[in-house]
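Comments concern the structure below.
The values are calculated or read from the model by the stated rules, or taken from the named source; none is laboratory data. The shown structure was predicted, so the numbers you read here are calculated from the model rather than taken from an experiment. Glycine gets a Cβ as well: all are built from the backbone with ideal geometry, and neighbour counts include every protein chain shown.
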Amino acid sequence: MSYELTIEPLGQTIEIEDGQTILDAALRAGIYLPHACCHGLCATCKVQVVDGEVEHGQASSFALMDFERDEQKCLACCATAQSDLVIEADIEDDPDAENLPVRDFDGVVTRIETLTPTIKGVWIKLDEPAGIRFQAGQYVNLELPDGIGSRAFSIASAPSQAGDIELNIRIVPGGQGTGYVHERMKVGERTRVSGPYGRFFVKKSARVPVIFMAGGSGLSSPRSMILDLLGEGFELPITLVYGQRTREELYYHEEFLALAEAHPNFRYVPALSHEPEASDWRGFRGFVHEAAKSAFDNDFRGHKAYLCGPPLMIDACISTLMQGRLFERDIYTEKFLSAADAQQVRSPLFKAI
Ligand SMILES: Cc1cc2nc3c(=O)[nH]c(=O)nc-3n(C[C@H](O)[C@H](O)[C@H](O)COP(=O)(O)OP(=O)(O)OC[C@H]3O[C@@H](n4cnc5c(N)ncnc54)[C@H](O)[C@@H]3O)c2cc1C
């Protein structure tokens, strides 16, 4: 059974299956509704129900209070339709968003490589020869067996290789999903991804130089974005400031050196924070934000910056960029929120101290 879901102010009517969330129906129809935790906890996806009945699902009472339920509001990430629906949502018009519909793709794991002691590269060949259309920087949900469910991973390869995607997966101690990938996933195994998800992509229409700042397993999106930009002949300066703790963790180092050699507009700034003093490392020693400050002489004006990595790195990079006179509106981040992180997200009324 299905219902009709009309999304205002777009005035677009789509189908919503019985039991399907409003968010899932919208994303699969190529309509982006703002969202973040996807577990009914952060309230980013709150929408107004103008007409019809919804079931609120697992919306928390912090994120959706009783008086808001009385005012016919709901959380799109967990509300399902009980009748035809009309909702009103904050639809932002982003000239760089392609609004690609989310779909499911079956495929096979063709290669698993150890990139660092904690990160595996996983290559998945999709059954559909055309593969998955995505914007560089977006992510997929990888379905894992044995009741583990799905986990989000950014696509590390370029959109031009849509039939054969690469994911870089860091093991989380005690993590079920990443533990499966690192310890049990095999070449030849059938798998499924859904996507593309996310709003992390280059604002190409701005036509300004670009800075990427990446650390830990946050390299995937920047790598895809850089390969995409260089592949299509983006001629403005592109800088990658890329930090790891030690040289053995600095994966794709040779690839970025070669890209910098081949493309005069691409600058590569690797930084190691914990490399032994005695090693032959001649690059920057210190954290990503320190390397960026030094590479740009503390002046980031006129750029757009894309940040991907652990929360502490992101916070330090934002402070450095703003001290170097880059406005917050020119800084974009991808947060690797997990279900457990989301548990800590309470009502916006409860500010973190
Ligand atoms: C948009 C998005 C893109 C992402 N892209 C990537 C990517 O490209 N590569 C990648 O390696 N990861 C990525 N992640 C993170 C990845 O989804 C999580 O690491 C993964 O869900 C953890 O799954 P798990 O089953 O191993 O851990 P779970 O079993 O779900 O969690 C186990 C424990 O680990 C903690 N935990 C979960 N995730 C993390 C984390 N990232 N860091 C520290 N502790 C954590 C939890 O709080 C929990 O206590 C991304 C996440 C998001 C939301």
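Quick rundown of the values:
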{"read-out": "Qualifying positions in the range 106-163 - within 16 Å of the ligand (Cβ to nearest atom), under 19 Å from Arg223 (Cβ atoms), touching a Phe, Trp or Tyr at 6+ places or on another chain (Cβ under 7 Å) and assigned to a strand (DSSP E or B)", "value": "Ile119, Tyr139, Val140, Leu142, Ala152, Phe153, Ser154, Ile155"}
{"read-out": "Some residue of the range 236-243 being at pLDDT below 95, over 28 Å from Leu33 (Cα atoms) and either surrounded by fewer than 21 Cβ atoms within 10 Å (Cβ to Cβ) or not aliphatic (A, V, I, L, M) (or both)", "value": "no"}
{"read-out": "Residue selected from the range 173-222 under the condition more than 19 Å from the chain's Cα centre (by Cα) and either in a strand (DSSP E or B) or among the aromatic types (Phe, Trp, Tyr) (or both), by the criterion surrounded by the fewest Cβ atoms within 10 Å (Cβ to Cβ)", "value": "Arg190"}
{"read-out": "Ala305 vs. criteria away from the ligand (no atom under 16 Å from the Cβ), among the aliphatic types (A, V, I, L, M), surrounded by 20 or more Cβ atoms within 10 Å (Cβ to Cβ) and part of a strand (DSSP E or B)", "value": "yes"}
{"read-out": "The one condition in (1) in contact with a strand residue (DSSP E or B) (Cβ under 8 Å, 6 or more places away or on another chain); (2) part of a loop (DSSP other than H, G, I, E, B); (3) more than 16 Å from the ligand (Cβ to nearest atom) that Val86 fails to fulfil", "value": "(2)"}
{"read-out": "Total residues in the range 174-185, condition among the charged types (D, E, K, R) and within 11 Å of Val122 (Cβ to Cβ)", "value": "0"}
{"read-out": "Residue selected from the range 164-204 under the condition more than 8 Å from the ligand (Cβ to nearest atom) and among the hydroxyl-bearing types (Ser, Thr, Tyr), by the criterion nearest to Pro117 (Cα to Cα)", "value": "Thr191"}
{"read-out": "Test: residue in the range 213-226 that is more than 16 Å from the ligand (Cβ to nearest atom) and of a type outside the set (A, V, I, L, M)", "value": "no"}
